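Structure first, then comments.
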Amino acid sequence: MVKQRSMTDISDQNTETGYMGLETQNDDMMPKTEDGDAKTKGMSGKLAVAVIVGILIVLAASAASAVYMMRPPKGCEDYTVQMHQYYVEYSDEYDYWDVLTIEYPEINGIEEDKQDAINVLLYDAAMDRTNYWHFEPNDEVKKLQEEHYSLFCSDVDCTVKYHSQYLLSMSYDEIYAPANPVWYVSMTKRGMNIDLMTGEEYQLSDILLLDEEFAAFWAKRANEAYDDFFGEEKEDRKTLLAWFLKNDEEWNAYYEFQPYFYVTDEGKFIIGISINPKYISAHEPQEDFYEICCDAQELEAFRTESQFWEQYELSEPAGEVVECEELQTNLWLGDTEGIWDYWEERGDLLTH
């Protein structure tokens, strides 16, 4: 840190060097008047005042510049988020049928390069399970498509939960069914959080330290909502933490773990994990995600040094969300379709 000198320090230093008081100058070089030394001293005093005033001006300008540099950027205010739907009903491009009703957002009104990058993230998040099971299958899924698929369905509901001058946060709720939309229906969830200043995504591990303490905090809250599903033993915490870190080699062979979070319009945090199967087996419709809701204050012990937190604290509502004008209903997975009546009549429509 640079120490700012006092006016006394400046005066003492300049006297020693002969600058401010001109005491080391040759008297023959000074203007001579009837007042003699009085005139010399008068000029010295005026020069000292001028120097001091100049220094004060420089210091004041530097301070003002520092304050300006420390101000947060203005952010993005006049942008829109237009909702769209990717809609397909029985295309003839595959050896099986497909019915897709996938809602996704598109942002407009910010810097073009950031806008393009953000829109790719938003679209890809909506297509996550559809890409895995339908558009971009790996070798194992290709084999399933050839041997078991008769119809692939996906229905995605995307909601922009939080939009400020710095942050955009949304949730994706998806119902999908590989192979058959009766016996293989799963429900999953994702979050997406965008830094509008950089165009980059914030993931859960970016904003929170995912350690054993976090796992214990999350499990305690989740057990209250899911009937002690996550257990209370130390080994249970280790397993849960491995899921959030996506480094459980044994479980990774069968499931894809997707930790997520999003911010609500009230500024609360939804923190969850989706456990998406990499295989298909006949089952009743089931939810493959678990989540908790908490305040920002409850997360203080786990916060990282991410820029996200400063942006969150300074955020104010900004931008506008424009809903999709014509949302099509999924013929198989829509709220009023017969699949739900079928399972409800069987008494097998379970939450998890």
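In summary, P259 fulfils each of the numbered conditions (1) part of a strand (DSSP E or B); (2) in contact with an Asp or Glu (Cβ under 8 Å, 6 or more places away or on another chain); (3) open to solvent by 30 Å² or more (accessible area, probe 1.4 Å); (4) modelled with pLDDT of 95 or more with the single exception of condition (2). Checking the range 242-249 against the condition returns a match, with at least one residue being out of contact with any helix residue (DSSP H, G or I) (no Cβ under 6 Å at 6 or more places or on another chain), in a loop (DSSP other than H, G, I, E, B) and in contact (Cβ under 8 Å) with a residue 12 or more places away in the chain. Annotation: E146 fulfils all but one of (1) within 21 Å of Y279 (Cβ to Cβ); (2) open to solvent by less than 80 Å² (accessible area, probe 1.4 Å); (3) part of a helix (DSSP H, G or I); the unmet one is (2).
Among the strands (runs of 3 or more DSSP E) contained in the range 283-348, which hold 1 or more residues that are within 30 Å of F214 (Cα to Cα) and open to solvent by 30 Å² or more (accessible area, probe 1.4 Å)?
Numbers: elements: 283-287, 289-294, 320-322.
Result: 283-287, 289-294.
Given the structure, is Y254 of a type in the set (F, W, Y), open to solvent by 40 Å² or more (accessible area, probe 1.4 Å) and touching a residue at least 12 places away in the same chain (Cβ under 8 Å)? Judged against the criteria, Y254 is a match.
When the residues of the range 155-185 are filtered to those that are outside any strand (DSSP E or B), among the hydrophobic types (A, V, I, L, M, F, W, C) and open to solvent by 10 Å² or more (accessible area, probe 1.4 Å), which remaining residue is nearest to Y87 (Cα to Cα)? Explain how you work it out, then say what you get.
Of the range 155-185, the ones outside any strand (DSSP E or B) are 165-166, 178-183.
Then keep just the ones that are among the hydrophobic types (A, V, I, L, M, F, W, C); that gives 179, 182-183.
Filter once more, keeping what is open to solvent by 10 Å² or more (accessible area, probe 1.4 Å): 182-183.
On the way: V182: 20, W183: 23 Å.
Filtering the range 155-185 for residues that are outside any strand (DSSP E or B), among the hydrophobic types (A, V, I, L, M, F, W, C) and open to solvent by 10 Å² or more (accessible area, probe 1.4 Å), the one nearest to Y87 (Cα to Cα) comes out as V182.
Is the range 83-90 home to any residue that is within 29 Å of E320 (Cβ to Cβ), open to solvent by 20 Å² or more (accessible area, probe 1.4 Å) and in a helix (DSSP H, G or I)? Looking for residues that are within 29 Å of E320 (Cβ to Cβ), open to solvent by 20 Å² or more (accessible area, probe 1.4 Å) and in a helix (DSSP H, G or I), one finds none in the range 83-90, hence no.
Where residues in the range 334-347 are within 24 Å of V156 (Cβ to Cβ) and of a type in the set (D, E), which of them is nearest to the chain's Cα centre (by Cα)? It would help to see each step written out before you state the result.
As a first pass, look at the range 334-347 and keep what is within 24 Å of V156 (Cβ to Cβ): 334-344.
After this cut, where a residue has to be of a type in the set (D, E) as well, the list is 335, 337, 341, 344.
On the way: D335: 30, E337: 35, D341: 38, E344: 38 Å.
Residue satisfying both the conditions and the ranking: D335.
Here is the figure for the range 186-207: residues that are surrounded by fewer than 23 Cβ atoms within 10 Å (Cβ to Cβ), aliphatic (A, V, I, L, M) and part of a strand (DSSP E or B) total 1. Just wondering, is there one or more residues in the range 219-232 that are touching a helix residue (DSSP H, G or I) at 6+ places or on another chain (Cβ under 7 Å), outside any loop (DSSP other than H, G, I, E, B) and on the phi < 0 side of the Ramachandran plot? Yes, the range 219-232 contains at least one residue that is touching a helix residue (DSSP H, G or I) at 6+ places or on another chain (Cβ under 7 Å), outside any loop (DSSP other than H, G, I, E, B) and on the phi < 0 side of the Ramachandran plot. When the residues of the range 197-245 are filtered to those that are farther than 18 Å from L299 by Cβ and among the aromatic types (F, W, Y), which remaining residue is farthest from the chain's Cα centre (by Cα)? Once the filter is applied, the top-ranked residue is F229.
From the list K74, K114, which residue is farther than 20 Å from E323 by Cα and at pLDDT 95 or above? Break it down into steps so the answer makes sense when it comes.
Working: K74 fails: at pLDDT 95 or above.
Of K74, K114, the one residue that is farther than 20 Å from E323 by Cα and at pLDDT 95 or above is K114.
For the residues F135, F217, the requirement of being open to solvent by 10 Å² or more (accessible area, probe 1.4 Å), of a type in the set (F, W, Y) and without any contact (Cβ under 8 Å) to a residue 60 or more places away in the chain singles out F135.
Conditions tested, residue by residue: (1) farther than 15 Å from Y260 by Cα; (2) among the polar types (S, T, N, Q).
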{"position": "D139", "(1), (2)": "yes, no"}
{"position": "K142", "(1), (2)": "yes, no"}
{"position": "H163", "(1), (2)": "yes, no"}
{"position": "L167", "(1), (2)": "yes, no"}
{"position": "N180", "(1), (2)": "yes, yes"}
{"position": "Y184", "(1), (2)": "yes, no"}
{"position": "T188", "(1), (2)": "no, yes"}
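Looking at T101, is it open to solvent by less than 30 Å² (accessible area, probe 1.4 Å) and either free of Cβ contacts under 8 Å to residues at least 60 places away in the same chain or within 27 Å of D335 (Cβ to Cβ) (or both)? Taking the combined requirement at face value, the residue satisfies it.
V120 - would you say it is within 27 Å of the chain's Cα centre (by Cα), closer than 18 Å to Q82 by Cα and open to solvent by 10 Å² or more (accessible area, probe 1.4 Å)? Yes: the conditions hold for V120. Against the list (1) among the hydroxyl-bearing types (S, T, Y); (2) over 22 Å from the mean Cα position of the chain (by Cα); (3) more than 16 Å from F217 (Cα to Cα), the condition T264 fails is (2).
Selection of the range 104-117 for residues being buried (at least 20 other Cβ atoms within 10 Å of the Cβ), under 25 Å from F257 (Cα atoms) and touching a residue at least 60 places away in the same chain (Cβ under 8 Å) yields only P105. With respect to T329, determine if the residue is at negative phi, at pLDDT 95 or above, more than 17 Å from the chain's Cα centre (by Cα) and of a type in the set (V, I, T). Taking the combined requirement at face value, the residue satisfies it.
The values are calculated or read from the model by the stated rules, or taken from the named source; none is laboratory data. Values in this document were obtained by computation on a predicted structure and should not be read as measured data. All Cβ positions, glycine included, derive from the backbone under ideal geometry; neighbour counts span all protein chains shown. Protein only, heavy atoms only, side chains kept; ligands, DNA and RNA dropped before computing areas. Shrake-Rupley method; radii C 1.70, N 1.55, O 1.52, S 1.80 Å.
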